[in-house]
Amino acid sequence: MSLAFGQPALAQQTPAAPSTILVTGRGEVQVAPDRARVQVGLETQAKTSAAAAQDNNRKQAAILESIRKLGIPAANIQTIDYSVQPIQRYDDKLRRVVIDGYQVSNIVQVETEKLELAGQIIDAGLTNGANRVAGLDFLVKDRAKAQDAALALAVASARRQADVAAKAAGGQVVELLELTIHEFEQPQPMPRLAMAAMKVDESSASAPISAGTNTVMVSVGTKWRFSR
């Protein structure tokens with residue numbers, strides 16, 4: 001008689017998950033703007049849409065001419081909004097909505113690399129009939145260099161935090177496992193300007209406007225492996 005003994009099966013062991021640290025890093029760079037974008041508009045009202053449009057076109061022509069005299073190329077002047085809307089009200093006697101007239105709105109966007117012209121563009125528009133300043137932005141034409149610098153600072157910040165956390169846990173960072181880039185730009189405070197019924201004396205100085213600086217910010221999400 002013979003006896004056979006099987007070898008006991010070896011228990012399979014699941015490797016322990018590596019120790020990881022999740023860190024968010026942010027980088028910020030201040031950069032001077034090199035381009036101004038101004039939006040000036042005109043709203044006119046009349047009994048008929050044709051009359052409101054005709055009045056608007058006449059006044060807008062004077063506005064555009066005054067802006068072009070500042071040396072702004074035609075390619076940098078663009079109509080971004082033109083609308084015709086009825087002026088409505090509810091008539092209690094008739095018990096229905098009636099139209100009292102029409103309103104035509106026309107907004108022109110002007111871009112220039114001469115930041116000092118921003119105030120003059122606004123003044124030229126308001127002096128020649130514009131009754132609305134729809135927007136004023138100071139932009140950076142080429143943001144790539146600033147973005148790269150902000151990204152480098154964000155990654156460096158994440159690595160510093162990971163090193164500190166790993167050391168506090170009794171270990172050290174071994175490698176970067178994941179990196180996610182989230183670019184965002186902090187909103188900049190813009191000059192506050194009255195939007196309607198603005199009149200400018202032709203002898204007055206240009207609106208005092210300061211471009212300041214733009215803040216380019218980049219955020220990164222990182223995952224690091226560390227050993228103990």
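The values are calculated or read from the model by the stated rules, or taken from the named source; none is laboratory data. A quick note: this is a predicted structure, and the numbers were derived from the prediction, not measured. When we count neighbours, we look across all protein chains shown, and the Cβ atoms used for this are built from the backbone with ideal geometry, even at glycine. Just the protein is used for accessible areas: all its heavy atoms, side chains included, with ligands, DNA and RNA removed. Shrake-Rupley method; radii C 1.70, N 1.55, O 1.52, S 1.80 Å.
Filtered by the rule that a residue be buried (at least 18 other Cβ atoms within 10 Å of the Cβ) and either free of Cβ contacts under 8 Å to residues at least 24 places away in the same chain or of a type in the set (Gly, Ala, Ser) (or both), segment 156-181 gives SER157, ALA158, ALA162, ALA166.
Limited to segment 21-33, what total is found for residues that are of a type outside the set (Val, Ile, Thr) and surrounded by 15 or more Cβ atoms within 10 Å (Cβ to Cβ)? Counting residues in segment 21-33 that are of a type outside the set (Val, Ile, Thr) and surrounded by 15 or more Cβ atoms within 10 Å (Cβ to Cβ) gives 5.
Considering GLN172, GLN186, GLN147, the condition of being within 22 Å of the chain's Cα centre (by Cα) and either modelled with pLDDT of 90 or more or closer than 23 Å to ALA61 by Cα (or both) is satisfied by GLN147 alone.
Of all the listed residues (VAL164, VAL98, VAL104), the sole one being closer than 30 Å to LEU42 by Cα, at pLDDT 95 or above and among the aliphatic types (A, V, I, L, M) is VAL104. A Cβ distance below 9 Å, combined with a sequence gap of six or more or placement on separate chains, defines the contacts here; from segment 133-155, residues that are touching a residue at least 60 places away in the same chain (Cβ under 8 Å) and open to solvent by less than 40 Å² (accessible area, probe 1.4 Å) reach residues that are among the aliphatic types (A, V, I, L, M) and in a helix (DSSP H, G or I) in the pairs VAL133/ILE122; VAL133/LEU126; LEU136/ALA118; LEU136/ILE122; PHE138/ALA118; VAL140/ALA146. Only residues that are part of a helix (DSSP H, G or I), open to solvent by 50 Å² or more (accessible area, probe 1.4 Å) and in contact with a helix residue (DSSP H, G or I) (Cβ under 9 Å, 6 or more places away or on another chain) were counted in segment 66-92, giving 2.
For segment 93-103, a residue qualifies if it is in a strand (DSSP E or B) and either in contact with an Asp or Glu (Cβ under 9 Å, 6 or more places away or on another chain) or open to solvent by less than 100 Å² (accessible area, probe 1.4 Å) (or both), and the qualifying residues are VAL97, VAL98, ILE99, ASP100, GLY101, TYR102, GLN103.
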